[in-house]
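The values are calculated or read from the model by the stated rules, or taken from the named source; none is laboratory data. If you're wondering where the values come from, they're calculated on a predicted model, not measured in any experiment. Here the Cβ is made from the backbone with ideal geometry for all residues, glycine too, and neighbour counts use every protein chain on show. Protein only, heavy atoms only, side chains kept; ligands, DNA and RNA dropped before computing areas. Shrake-Rupley method; radii C 1.70, N 1.55, O 1.52, S 1.80 Å.
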Amino acid sequence: MKIIEQWNQDDSDYIRSKVIEHNMEQLPNELKTSRESISFVIKDDKGEVMGGITGDIFWHHMHIDFLWVDESVRKEGYGSILLGKIESLAKAKGCRLIHLDTFSFQAPEFYQKNGYEVFGVIEDHPKGFKQYFLQKRFCDSYI
């Protein structure tokens with residue numbers, strides 16, 4: 001056996017699939033759900049993307065990957081609208097909670113203003129900043 005330093009998408013996908021396979025073996029059937037990727041996009045009259053939100057639903061929760069709004073239309077409420085859209089979808093699909101991470105130079109206050117609670121912080125990451133982990137719980141039962 002040998003250990004090789006490399007980046008190979010096929011190998012990475014294989015490793016990921018094996019971790020998911022292991023995880024699924026550990027869960028009771030009522031918790032197992034397939035993964036569903038979600039996004040909402042804001043486009044201007046020319047069809048250019050001005051913002052959006054992306055996430056994944058699995059195991060009766062949603063993880064928000066990214067939320068971005070172009071600087072030219074920030075402070076116009078689009079971030080809250082996008083967050084509301086993805087939260088409504090998560091509830092409709094039976095999610096118990098949404099979680100995400102953000103940095104101190106991004107938007108922890110925005111998420112807190114929208115009902116998210118901090119459940120963890122990595123201090124001095126990156127150096128001089130903080131990384132926040134936030135969640136918003138809906139209920140403890142599934143639809």
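Per the conditions (1) acidic (Asp, Glu); (2) within 22 Å of Ser37 (Cα to Cα); (3) in a helix (DSSP H, G or I); (4) open to solvent by 50 Å² or more (accessible area, probe 1.4 Å), the sole criterion not satisfied by Glu109 is (2).
Among the conditions (1) open to solvent by 20 Å² or more (accessible area, probe 1.4 Å); (2) at pLDDT 95 or above, Leu100 misses just one, which is (1). Being in a helix (DSSP H, G or I) and out of contact with any Leu (no Cβ under 8 Å at 6 or more places or on another chain), is that true of even one residue in segment 61-72? Yes; the residues of segment 61-72 include at least one that is in a helix (DSSP H, G or I) and out of contact with any Leu (no Cβ under 8 Å at 6 or more places or on another chain). For Gly115, indicate whether it is over 15 Å from the mean Cα position of the chain (by Cα), assigned to a loop (DSSP other than H, G, I, E, B) and more than 30 Å from Glu21 (Cβ to Cβ). Criteria met by Gly115. Only a single item in (1) more than 18 Å from Leu97 (Cβ to Cβ); (2) open to solvent by 100 Å² or more (accessible area, probe 1.4 Å) is not met by Arg35, and it is number (1). For segment 66-88, indicate whether the set of residues that are touching a Cys at 6+ places or on another chain (Cβ under 7 Å), surrounded by 14 or more Cβ atoms within 10 Å (Cβ to Cβ) and of a type outside the set (Gly, Ala, Ser) is non-empty. No, segment 66-88 contains no residue that is touching a Cys at 6+ places or on another chain (Cβ under 7 Å), surrounded by 14 or more Cβ atoms within 10 Å (Cβ to Cβ) and of a type outside the set (Gly, Ala, Ser). Taking the criterion of being open to solvent by 50 Å² or more (accessible area, probe 1.4 Å) and touching a residue at least 24 places away in the same chain (Cβ under 8 Å), would at least one residue in segment 40-55 satisfy it? There is at least one residue in segment 40-55 that is open to solvent by 50 Å² or more (accessible area, probe 1.4 Å) and touching a residue at least 24 places away in the same chain (Cβ under 8 Å). Can Lys136 be described as out of contact with any Pro (no Cβ under 6 Å at 6 or more places or on another chain), open to solvent by 90 Å² or more (accessible area, probe 1.4 Å) and basic (Lys, Arg)? Taking the combined requirement at face value, the residue does not satisfy it. Among residues of segment 77-105 that are on the phi < 0 side of the Ramachandran plot, those with a beta-carbon under 6 Å from a residue that is hydrophobic (A, V, I, L, M, F, W, C) and exposed (fewer than 15 other Cβ atoms within 10 Å of the Cβ) at least six positions away or on a different chain give the pairs Phe103/Phe129; Ser104/Phe129; Phe105/Phe129.
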